[in-house]
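The values are calculated or read from the model by the stated rules, or taken from the named source; none is laboratory data. Remember, it's a predicted structure, so these values are computed and weren't measured experimentally. Cβ placement follows ideal geometry from the backbone for every residue including glycine, while neighbour counts extend to all protein chains displayed. Please note that ligands, DNA and RNA were not included when accessible areas were found on the heavy atoms of the full protein model with its side chains. Shrake-Rupley method; radii C 1.70, N 1.55, O 1.52, S 1.80 Å.
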Amino acid sequence: QLQLVESGGGLVQPGGSMKLSCGPSGFTLGHYAIGWFRQAPGKGREKVSCINTTGGNTYYAESVKDRFTISRDNGKNTVYLQMNSLKPEDTAVYYCAVVLFRLCVPDSNTSWGSGTQVTVSS
């Protein structure tokens, strides 16, 4: 079981910025590739971004490319998602998970956390 905890969400205006954090529970995050996913009410879970173990390679969904930046600080055991130029359609619960980097899909041993709510509204 690989459990992660998300934080940093909240209410932000369109065009604003927000930074999310992801930390592990009981393991060393630097050993794993990590991804961010999101789910809006009534919608399926959407792939957002993934990062490999060292941070040297990243993936972004077309909908967030050039607006979001994924990064990691393995010394702090944390992965981040910097979100800029936010749009109302970015509103969702955001989750992080251990992933298979090349496919940016959840690892079979991933245990989903509760996520953090991001609301983009005027």
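Which residue is nearest to R72 (Cα to Cα), if the candidates are limited to the range 7-21 and must be open to solvent by less than 40 Å² (accessible area, probe 1.4 Å) and part of a strand (DSSP E or B)?
Top of the filtered list is S21.
Within the range 84-107, how many residues are over 10 Å from the mean Cα position of the chain (by Cα) and either of a type outside the set (V, I, T) or surrounded by fewer than 17 Cβ atoms within 10 Å (Cβ to Cβ) (or both)?
Of the residues in that region, 16 qualify.
For residues in the range 56-111 being of a type in the set (V, I, T) and touching a helix residue (DSSP H, G or I) at 6+ places or on another chain (Cβ under 8 Å), which is farthest from Q3 (Cα to Cα)?
V64
Just wondering, is there one or more residues in the range 22-32 that are within 14 Å of the chain's Cα centre (by Cα), at pLDDT 95 or above, over 19 Å from Q1 (Cα atoms) and open to solvent by less than 60 Å² (accessible area, probe 1.4 Å)?
no
Quick test of your reading of the structure: G56 fulfils all but one of (1) in a strand (DSSP E or B); (2) open to solvent by 30 Å² or more (accessible area, probe 1.4 Å). Name the failing condition by number.
Evaluating G56 over (1) in a strand (DSSP E or B); (2) open to solvent by 30 Å² or more (accessible area, probe 1.4 Å) leaves (1) as the failure.
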